[in-house]
C-alpha cells in the first residue's frame, strides 16, 4: 500500500515542498530511503524504526521504501523523521487519516518524542506560501512557528499524540499565542554613559548608527575600542517586525536560535576571531550554511584586530559590503544569503600598538608600520565611511564622576534620523542612507553652494574615487538628518570629510 505525506526542504533560506512517499510490499524485511538523502536522513531509518515500536505501533517486517521527491537535489537534516514515520503508519494500515493539506516537520527520538528541529520558521513560511493551512511541528518549536501568519500551527509532543489527533481520538493541541515583536527589555551590558571620554568617537558612532555606515577605529591597546563597538548596538533603532523575522529565520536555519527563544528581538552583534576561516566568515560548507556576515544581518559585525584577518579574508567582504548579499556557489546550485550589516573594525596603528602615542614609545621600525597598515587595501578602505582615531584616555577623565550621555538619549536621535529616512525611501527597498545607489544619491543628496564647493575642493586634495565621492555624500546626508536639515550644508559636509578613511605613516 502506498501513502503520501508532505514536508519541507531548505537550501539556504529558501526551499521547496517535499512529498514523502512510503510503499510497503511483500519481500525480505528491509527499509530503504531514496531521493538523495544525506547521512542524517539515512540514519533516520533506525530512529523511525525505534520510534514506531516505542509509540505502541508495530514496524512492518516487509520491504519498506521511502521516497523523497523531487529527487534531483540533496536532502539534509533530521526533519524528515516525522513524515516518514507517519507514512509507515498510513501505508501499513495502522492509522487512517486525511493528511493532504498538512505539512509535517520534526525529528523523532527513539522513544517517539518530537525534538527541537532547526529551520522551523522558514519551513512553516514556505508551507504557507505553497497554500498549506496546517503544519504539525514539535511542541518545543511551536512559538517559533507561530510567528507565521495565515497558517494553523498544531504543536505535538510525540508520534503517539499526533496519531491520536489525526485519528480523531483527541482534540487538536492548542496553538501558542504569537510572540510579541517588541524588545524583550533585557538590560544592555554596555551603555555609552559607562564610557569615559572619547566624545568624538561617540559622535562618530552616532552618525554611523543613524545611516548604517561602516566604521574603522584606530588607537592604542586599552583605549576602549571594543567597549565602544559593543555599546554601538545600544544606540541602534529597534528591529522592525520584518527585520526581526529576517534575523530569526537566519538563526533558525543555522541552529543558533535557542529553544524557548522563538524570536530575535535585539540587533545581532557578532565578533569572530581573526583566526576564523573564510567559510566561517562568509558561509559555506558542502551544504551552504550562513557565516558570520549573515548572522550579523541587520546588526553589527565587529572585527577586532582588523589587519590580522589577512588580505584575502578582508577582500572577501568587498562584495557583501556593496551588494548587501553573499552568494555561495556549489555543484548542487547557488545559494544567496542576506548580509546587510554594519561593519565595525578596530585596529592598532602599528604592530606594537603605540605609534603616535604621547606617553609610550613605539618600538616598531617604519617598514613594519607601513607593512602593517597596508594590509588594508585601498578598495577595502573605500568601502569604509568613517575612520576615527581612539586616543588614550587620561586619568582625570577615568577617575572623574562625570557621566556621559546615555545610550537611550543618543538612540532617540538616531531613531528620529532613521524615521526621516523611512519617509524618504517610502515605496523602495532602501532602509538607510548607506543603502542608496547613485541614482538615489542624485535625488536625495541636495547640497547648498558652499557645501558643493567644499566637496569639489576635497575631491581634488583628498584624491577621492567615485565611490568615495558617493560615500561622502551619503555620510553628509546622514549628518544632515541628525540635524533635521533638508539640505546638506557646509558644516555637514565638513564633518563627513573629516571621517574619510586615511592611514598614514
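Any read-out appearing in this document is the output of simple, stated calculations on the displayed coordinates, not a laboratory observation. Since we're looking at a predicted model, the values are computed, not measured. We place every Cβ from the backbone using ideal geometry, glycine too, and count neighbours over all the protein chains shown.
Quick rundown of the values:
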| read-out | value |
| --- | --- |
| Likely footprinting exposure, 489, 100, fewest C-beta neighbours within 10 Å first | 100, 489 |
| Estimated 222 nm signal from helices in the chain, with DSSP H stretches of n ≥ 4 weighted -39500 (n - 2.57), rounded to 500 | -10500 deg cm²/dmol |
| Linear extension gain, residue 94 paired with residue 200, 0.36 nm per residue minus alpha-carbon span | 31.0 nm |
| Residue order, fewest to most surrounding Cβ atoms within 10 angstrom, among 207, 201, 344 | 201, 207, 344 |
| The stretch 415-492 pair-distance distribution - Cα-Cα, 5 Å bins, rounded % | 3, 16, 27, 26, 16, 8, 3, 0 |
| Cα centroid separation - the stretch 236-277 against the stretch 136-167, whole Å | 24 Å |
| Neighbour-count order for 446, 196, 225, fewest beta carbons within 10 angstrom listed first | 446, 196, 225 |
| Approximate shape of the stretch 2-166 as ellipsoid semi-axes (Cα gyration tensor, √5λ), whole Å, largest first | 23, 17, 14 |
| DSSP bridge orientation in the chain - percent antiparallel, rounded to nearest 5 | 45 percent |
| At 1.002 mPa s and 20 °C, Stokes D of the stretch 202-429 from Kirkwood alpha-carbon radius, µm² per second | 112 µm²/s |
| Estimated inter-spin distance, residue 365 and residue 69, nm [label 7 Å along Cα→Cβ] | 7.1 nm |
| Cα centroid of the stretch 313-371 to Cα centroid of the stretch 446-505, whole Å | 23 Å |
| Distance in nm between pseudo-label sites at residue 461 and residue 448 (7 Å out along the Cβ direction from Cα) | 2.0 nm |
| Peptides ranked, highest mean first, by Cβ atoms within 10 Å: ranges 382-391, 49-58 | 382-391, 49-58 |
| Residue 170/residue 308 FRET efficiency (R0 35 Å; Cβ-Cβ; nearest 0.05) | 0.05 |
| 5 Å binning of all Cα-Cα separations within the stretch 300-430, expressed as whole percents from 0 upward | 2, 7, 11, 14, 15, 14, 13, 11, 7, 3, 1, 0, 0 |
| At q = 0.18 Å⁻¹, base-10 log of I(q)/I(0) for the stretch 287-348 (Debye sum, equal scatterers on each alpha carbon) | -0.66 |
| Where labels lie 7 Å past Cα in the beta-carbon direction, separation of residue 424 and residue 286 in nm | 4.8 nm |
